[in-house]
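*Asks:* Okay, handing you the structure first.
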Ligand SMILES: [Zn+2]
């Protein structure tokens, strides 16, 4: 099973961005190396038509980081988004939007403007559904 290595400092940055965007959904990229080591996050504008109930990453930001990874820099491991007044669980819409089985998803529960639970998910190769994966916070 995959894991996600995400330092407490980066978790704090993600929570901070998600709380800032409340009551709208926040989103951004998880940048790093190997299968699961996140070294940086990049905040994205949420381009969804209804940003209170969905998210859409900025495609220009994705292309920019794909170019950088071809130059030997860290690559996109996945992305994060928030669920304002929801749960840190993939919604039916998230499951339907999961087009790339390689990407790791982080979902943050933001309740009343305060970022609470933060969980990581990856695609189950058997079912194609996003399932919870372990999160490791220690430094590499
Ligand atoms: Zn969602």
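The values are calculated or read from the model by the stated rules, or taken from the named source; none is laboratory data. The structure presented is a predicted model; accordingly, all values stated were derived computationally and were not measured. Quick reminder, even Gly has a Cβ in these numbers, built from the backbone with ideal geometry, and neighbours come from all protein chains shown.
*Asks:* List, please: which pairs have Cβ atoms under 8 Å, are six or more places apart or on different chains, and start with a residue in the stretch 73-84 that is more than 17 Å from residue 123 (Cβ to Cβ) and within 10 Å of the ligand (Cβ to nearest atom) and end with one that is part of a strand (DSSP E or B) and modelled with pLDDT under 95?
*Replies:* Here the result reads none, with nothing in the stretch 73-84 linked to a residue that is part of a strand (DSSP E or B) and modelled with pLDDT under 95.
*Asks:* Moving on. Just name the residue that is nearest to the ligand (Cβ to nearest atom) out of those in the stretch 45-72 that are touching a residue at least 24 places away in the same chain (Cβ under 8 Å) and surrounded by fewer than 16 Cβ atoms within 10 Å (Cβ to Cβ).
*Replies:* To start, the set of residues in the stretch 45-72 that are touching a residue at least 24 places away in the same chain (Cβ under 8 Å) comprises 46, 51-57, 61-62, 65.
Cutting the leftovers down to surrounded by fewer than 16 Cβ atoms within 10 Å (Cβ to Cβ) gives us 52-53, 62.
On the way: 52: 12, 53: 9, 62: 17 Å.
Filtering the stretch 45-72 for residues that are touching a residue at least 24 places away in the same chain (Cβ under 8 Å) and surrounded by fewer than 16 Cβ atoms within 10 Å (Cβ to Cβ), the one nearest to the ligand (Cβ to nearest atom) comes out as 53.
*Asks:* Going by the structure shown, is residue 104 in contact with a strand residue (DSSP E or B) (Cβ under 6 Å, 6 or more places away or on another chain) and on the phi < 0 side of the Ramachandran plot?
*Replies:* Numbers: in contact with a strand residue (DSSP E or B) (Cβ under 6 Å, 6 or more places away or on another chain): yes; on the phi < 0 side of the Ramachandran plot: yes.
Yes.
*Asks:* Residue 117 - would you say it is within 16 Å of the ligand (Cβ to nearest atom), over 23 Å from residue 34 (Cβ atoms) and at pLDDT below 95? Spell out how you get there, then give the answer.
*Replies:* Working: within 16 Å of the ligand (Cβ to nearest atom): yes; over 23 Å from residue 34 (Cβ atoms): yes; at pLDDT below 95: yes.
So residue 117 passes the test.
*Asks:* Looking at the stretch 88-105, I want the residues that are more than 16 Å from residue 3 (Cα to Cα) and have a partner that is more than 8 Å from the ligand (Cβ to nearest atom) and at pLDDT below 95 with Cβ atoms under 7 Å, at least 6 apart or on another chain. Which pairs are those?
*Replies:* Listed pairs, sorted by first residue: 88/117.
*Asks:* May I ask you to list the residues in the stretch 24-37 that are within 11 Å of the chain's Cα centre (by Cα) and either assigned to a strand (DSSP E or B) or within 19 Å of residue 138 (Cβ to Cβ) (or both)?
*Replies:* The initial filter retains those residues of the stretch 24-37 that are within 11 Å of the chain's Cα centre (by Cα), namely 26-31.
Passing the criteria: 27, 28, 29, 30, 31.
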